[in-house]
Amino acid sequence: MFKGQPKGLYALSLANTGERFGYYTMLAIFTLFLQAKFGYTETVTTQIYGIFLAAVYFMPFFGGILADRFGFGRMVTLGIFIMFGGYALLAVPSGTGIAARVMMFGALTLIACGTGLFKGNLQVMVGNLYDDPAYAAKRDNAFSIFYMAINIGAMFAPGMAKWITNHFLAQDGLVYNGQIPALAHQYMAQGDAMAAEPLAKLQELAASMGAGADNLGEFCRHYVEKLSTAYNMGFAVACISLVVSYVIYVAFRKSFKHADVTAKQQAVSGAAAQVELTPAQTRSRITALLLVFAVVIFFWMAFHQNGSTMTFFARDYTTPEATGITRMGFDIFNLVLVLVGVYSLVGFFQSEKQRGKAISALVFVATAVALFFRWRTTPDPVHILPQEFQQFNPFYVVALTPVSVAIFSALARKGKEPSAPRKIGLGMIIAAGGFLILTLGSVGLMSPAEVKAAGASDAFVSQNWLISTYLVLTFAELLLSPMGISFVSKVAPPKFKGMMMGCWFAATAVGNYATSLIGYLWGSGMALWMVWSVLIVLCLLSALFIFSIMKRLESATA
């Protein structure tokens, strides 16, 4: 998996890890921040979330066009500086008036524009490393490694967001409770005219933090202000991570400088030209790519519920106390130990020398002992925050990538590896299975509208419903996302590499905006299990579509 890869891959991967750590720290708390600070409803929150994600993933289309003209490296550097300005604005504590909202939307615009210049063009340079015939056969494995690096950053982000939130709330003698922000905004708007049931719940929660019924309004304002400030500090983490990302990018630039070349620059320099495609071949490849892009829209629509409705499910329907073996997964140090154990096993089976096998075995045993010690010393139960569930998906990506690479490498040796479009179709079917788990876990629960009216759900379910859903969605993601990026870098006509990678992200953008449609259903009064069922149907229909055009896709890209 790692053997024989160019050094530039690791430099670009680490630079992306830093940037993604900051981005996912911000994203882990973004919807919670919108509701806590401004009191937005779930429908409005998911609209803003969907538009922002759409912008983040649509701007690489324009970033790719600019890079095809001015160079990939220049756009990546410019993107880092623009993103830094956006995160810095989000990190500034502000009020809740018009000026604060303008500043927030301005910050989101900068982040989207900066990401548009950074993200796709960095990935094009990764692909360019494998235009060298010596490395061409390693392209799919390379993008799996690159994707794993993204998720290493994403895995630590929710834990950082939790630590920041708890740390700054504790400074004011407060603890996090997901039910308080919505109830507090409701009380600040209605006062004592608030319905009896949610008012009683708010008084109970306020009393648990030392506030009496006579100063309930002051408690609400104080809690919302301090929680919002804690989220601001979480956004500041993204600024620091971007600095680290930039240092890595500059320090190791020599290892990938040769990949920072456009088709136009290559022609001017007199370097060996890439194989020219006929107009018919170019049209055929672009058509195939556009058909694949149409399918992945529905995957991202489903997958990125993690930051919206799946986070709402974690907050409103999931037991906030984890016990038994489940509690171990909510400590990032335990997840790191598991990853060390997984990769020590990989090292054991891949090592060609006995010394390597012995070291891997010792590391595995030490990891198992450490996990047993952690099991004995970790409190039972542990209190969890909604955003913590988002660490499971990147953890699964990092843990399962070696397994995925090993399986497809074995199939490739036998000449049976599925094509990239076929992997995408299989991924859509698996994604439907993930939401089937969540559908079953939601049967019998109150609808979101009923929860809002009552102030809290009358029943809470095990965290394992969400954890299992994330596991299955990760299997789907590994079939779709890294393979799709590799597919684009390989199939895109040379003159349109930046633009085609941008189109991949534009399709992702449409899917991200479509997440708000599920947010609309969330607040519409529809039964909870039916909300997830809509995603199941959409995933299955898109799988049916891609399999119906499979021969056309495979012939166009052969």
Among the residues that make up region 462-473, is at least one of them more than 18 Å from the chain's Cα centre (by Cα), more than 13 Å from Trp300 (Cα to Cα), modelled with pLDDT of 85 or more and β-branched (Val, Ile, Thr)? no
I'd like to check something: does region 128-138 contain any residue that is in contact with a Gly (Cβ under 6 Å, 6 or more places away or on another chain) and closer than 26 Å to Pro402 by Cβ? yes
Any residue at all in region 56-68 that is touching a Ser or Thr at 6+ places or on another chain (Cβ under 7 Å), at pLDDT 85 or above, farther than 21 Å from Asn393 by Cα and surrounded by fewer than 24 Cβ atoms within 10 Å (Cβ to Cβ)? no
Determine which member of the set Gly484, Gly519 is under 28 Å from Glu417 (Cβ atoms) and crowded, with 23+ Cβ neighbours inside 10 Å. Gly484
Boolean, Thr378 is surrounded by 14 or more Cβ atoms within 10 Å (Cβ to Cβ) and out of contact with any Asp or Glu (no Cβ under 9 Å at 6 or more places or on another chain): no
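The values are calculated or read from the model by the stated rules, or taken from the named source; none is laboratory data. Just so it is clear, the structure is predicted and the values come from calculations on it, not from any experiment. Using ideal geometry, Cβ is built from the backbone for each residue, glycine included, and neighbour counts are taken over all protein chains shown.
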